[in-house]
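First the structure, then my questions, so here it is.
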Amino acid sequence: MEEGATVQHQPNERGVYVIGPSSNDPEQTEVQQTTVSWFRTADGEVQLTLAGPTGGELTATGRDVFTALLVIREALHDRGWRVLVNAARKEAWGGTPEHPCGLAHVRIYPTLTGPPANDPVDALDMPDDPSLVGSGSVIEQMLWRDEWAGTTEPGALTWTDYERRRQEARAAR
């Protein structure tokens, strides 16, 4: 088998919900169900495909479902769509050496100063409260993670500063 070739296993497939502009009125939003499938490639990566709500499919590869989904979420976000799954929560992150989790799970870091929740959650399940996905922005998720991990570069924007600015902008309206 060639290096980098994929192993054709039966993909893991399931329905997930996405929210984005209504086809009838782009000023309104609508929730749609779509399909996500993923499998492990020969080189140990995860190839994930989402049947795109804007037509066609979006495919990405990453070390796990979370990282592959980051790429797809970024492409969808640019088109006004969010994926309503645990992996899209700002306080969600894939496994780390200190806080491992399964290939299709994420850890929830409920505060910026504490440890993650004890048990990983299914990355592709809808959160108990879909509003926890918020804007579904990968940038917001990265800001949260960097501040939690203490890896924000000096002078760079932190989650705390970002959220404060956003609240000030809302109050000024």
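Please give the peptides 106-114, 25-33, 140-148 ranked by average Cβ packing (other Cβ atoms within 10 Å per residue), highest first, as a rough proxy for protection.
140-148, 106-114, 25-33
Around Thr29, which amide H atoms from residues at least 5 apart in sequence, or from another chain, sit under 5 Å from its own amide H, with H modelled in the peptide plane?
Amide H to amide H, under 5 Å and 5 or more residues apart or across chains, Thr29 pairs with Ser22.
Can you tell me which of Gly55, Gly94, Gly44 moves the most in a GNM of the chain? Springs connect C-alpha atoms under 10 Å apart.
Gly55
Out of the total accessible area of the range 64-120 (probe 1.4 Å, heavy atoms of protein only), what percent is carbon and sulfur?
55
Here are a few candidate values for Cα extents along the principal axes in Å: [x] 80, 39, 34; [y] 58, 47, 29; [z] 44, 35, 31. Which one was actually calculated from the structure I just gave you?
Read-out taken from this structure: [y].
Given the -39500 (n - 2.57) contribution per DSSP H run of 4+ residues, what per-residue ellipticity at 222 nm results for the chain, rounded to the nearest 500 deg cm²/dmol?
Helices in the chain give a 222 nm mean residue ellipticity of -7000 deg cm²/dmol.
Turning to a different aspect of this structure: Skipping prolines and chain starts, which residues have an amide H placed within reach, meaning under 5 Å, of the one on Ala123, given they are 5 or more residues away or on another chain?
Excluding prolines and chain starts, which carry no amide H, the hits are His105, Val106.
At 1.4 Å probe radius, can you tell me the per residue accessible area of the chain in Å²?
55
The values are calculated or read from the model by the stated rules, or taken from the named source; none is laboratory data. Given the structure is predicted, the values throughout are model-derived calculations rather than measurements. Note that we place each Cβ from the backbone using ideal geometry, even for glycine, and neighbour counts take in every protein chain shown. Calculation scope for accessible area: heavy atoms of the full protein, side chains included, ligands and nucleic acids excluded. Shrake-Rupley method; radii C 1.70, N 1.55, O 1.52, S 1.80 Å.
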